[in-house]
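Enquirer: Below is one structure. I have some questions about it.
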Ligand code: NDP
């Protein structure tokens, strides 16, 4: 391996510590404790783990955590009523409804019901629109994490060729917008892209957000590129065991890249840290205070 390993776990721990310090200043100077409400509908085991981890990290950072666990049979009207109560609750500054939702619930309707000022996931069309217009916004957590990780290696990204593989509203599109805001020349690739290896090979910064285990091979990567692997894929590891891998064939890519994020321990830990930072920002904005620099 010749690439520098980008240690997302350590960088996320540093960000969480900065959020905790800023939260304690907010409490001391303004009596304000940012509150994050997380709503889980149903018993999806992966979602339950994410929600538990988010609650734990929220409390550790000195923020208030409100968990709402609803039955898998919850109706859309019941969930919308809860969102409406949380919108009106002054102790709640951030609202996150854990996706995916059961089939009887229209996830987009729920996202659009959240007050954009409390939309710490950054999925509301108002925040997506503000991001694309270059206006201050609550920005989706995983994409922010990707850019922070890339900037630990190369603080000035201006002029870089960036290729984002994946165009979801949750990861691909917002990460492309953020890289554009950093003055990168951005290409968004997807399942209909022709010559994906050739497109990836142009990248100084390659972000993989596809959801296909180890799809991006070492010989698709330009020597020296920064590779940010968002993918989280559980695959068979033999003897009845499973393991997590990214969308990038790590060993091959690490032999040519300049820097690379591992899976696990790369982008994943940044998501929760950026969620806490968004909650702090949302609370400050709602109180008419400047967003703390973290
Ligand atoms: P989606 O399934 O919503 O989007 C996947 C994207 O990949 C689509 O735009 C799709 O293209 C594209 N794609 C699929 N197959 C190919 C292919 N063969 N060639 C090129 N592009 C392809 O996934 P998400 O964006 O939600 O998530 C992507 C990955 O990131 C997943 O592994 C997910 O688990 C992980 N993730 C990790 C997070 C973290 O905290 N680290 C947070 C969120 C997601 P098209 O639009 O044409 O269908």
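Enquirer: Using only the alpha carbons of the chain, what is the convex hull's orientation-averaged projected area in square nanometres?
Expert: Numbers: hull surface 62.3 nm².
Across all orientations, the chain yields a mean hull projection of 15.6 nm².
Enquirer: Would you mind ranking 110, 210 so that the residue whose beta carbon has the fewest other beta carbons within 10 Å leads the list?
Expert: Details: 110 21, 210 25.
So the ranking, lowest neighbour count to highest, is 110, 210.
Enquirer: Calculate for the chain the 222 nm mean residue ellipticity that helices alone would give, adding -39,500 (n - 2.57) per DSSP H run of length 4 or more and normalising by residue count, nearest 500 deg cm²/dmol. Present the calculation step by step, with values, prior to reporting the outcome.
Expert: Numbers: 10 runs with 121 residues, N = 294.
Calculated at 222 nm, the ellipticity per residue is -13000 deg cm²/dmol.
Enquirer: Round to a whole angstrom and tell me the spacing of the C-alpha centers of region 1-72 and region 238-284.
Expert: 16 Å
Enquirer: List the relative contact order of region 144-294 as a percent without decimals, with contacts defined as Cα pairs under 8 Å and 6+ residues apart. Display every interim value, and only then the final one.
Expert: Working: 299 pairs, mean separation 29.7, N = 151.
With pairs under 8 Å counted, the relative contact order is 20 percent.
Enquirer: Now for a separate question. Percent relative contact order of the chain, based on C-alpha pairs within less than 8 angstrom and at least six residues apart?
Expert: Values: 615 pairs, mean separation 64.7, N = 294.
22 percent.
Enquirer: If packing is taken as the average count of other Cβ atoms within 10 Å, what order do 201-207, 151-157 fall into, highest mean first? Intermediate values should be presented prior to the final figure.
Expert: Details: 201-207: 23.4, 151-157: 14.1.
The packing order, highest mean first, is 201-207, 151-157.
Enquirer: GNM on the chain, C-alpha springs below 10 Å: top fluctuator among 219, 89, 229?
Expert: Largest GNM mean-square fluctuation: 89.
Enquirer: Quick one: order 170, 228 by neighbouring beta-carbon count within 10 Å, fewest to most. If you can, show how the numbers build up before the last one.
Expert: Details: 170 18, 228 30.
Fewest-to-most Cβ neighbours within 10 Å comes out as 170, 228.
Enquirer: What is the packing order of peptides 66-77, 113-124, taking the mean over residues of other C-beta atoms within 10 Å and listing the highest first? Each step should come with its number before you reach the end.
Expert: Values: 66-77: 14.1, 113-124: 22.2.
Put in order of decreasing packing, that is 113-124, 66-77.
Enquirer: Could you give the length gained by full extension between residue 33 and residue 72, i.e. 0.36 nm per residue of separation minus their alpha carbon distance, to one decimal place?
Expert: Numbers: separation 39, 0.36 × 39 = 14.04 nm, distance 3.10 nm.
Stretched out fully, the residue 33 to residue 72 stretch lengthens by 10.9 nm.
Enquirer: Label residue 151 and residue 2 with points 7 Å out from Cα along Cα→Cβ: what is the distance between them in nm?
Expert: 2.9 nm
Enquirer: Compute the FRET efficiency between residue 109 and residue 239 as 1/(1 + (r/R0)^6), taking r as their Cβ-Cβ distance and R0 = 35 Å, and round to the nearest 0.05.
Expert: Details: r = 44 Å, r/R0 = 1.27.
Between residue 109 and residue 239 the formula returns 0.20.
Enquirer: For residue 135 and residue 46 in one chain, what is 0.36 nm times their gap in residues minus the Cα-Cα distance, to one decimal in nm? All intermediate terms of the calculation are to be shown ahead of the outcome.
Expert: Values: separation 89, 0.36 × 89 = 32.04 nm, distance 3.35 nm.
Gain on stretching residue 135 to residue 46: 28.7 nm.
Enquirer: Could you give the length gained by full extension between residue 84 and residue 14, i.e. 0.36 nm per residue of separation minus their alpha carbon distance, to one decimal place?
Expert: Contour length minus the Cα-Cα distance gives 21.8 nm.
Enquirer: Once both axes come from the Cα atoms, what is the angle between helix 141-153 and the longest principal axis of the chain, in degrees from 0 to 90, rounded to 10?
Expert: 50 degrees
Enquirer: To test your reading of the geometry: what angle, between 0 and 90 degrees and rounded to tens, separates the Cα axis of helix 45-60 from the longest principal axis of the chain?
Expert: The two axes meet at around 70 degrees.
Enquirer: Tell me, Kirkwood radius of region 205-294 from alpha-carbon pair distances, in Å?
Expert: Working: mean 1/r = 0.0675 Å⁻¹.
Here the Kirkwood hydrodynamic radius works out to 14.8 Å.
Enquirer: Calculate how steeply helix 8-30 sits against the longest principal axis of the alpha-carbon atoms of the chain, using the helix alpha-carbon long axis, and give the answer as 0 to 90 degrees to the nearest 10.
Expert: That works out to roughly 30 degrees.
Taken together, the values in this text are just the output of simple stated rules run on the coordinates, not laboratory data. Just so we're clear, the structure is a prediction, and the values are computed from it rather than from any experiment. Methodologically, a virtual Cβ is constructed for each residue, glycine included, from the backbone with ideal geometry; neighbour enumeration extends over all protein chains shown.
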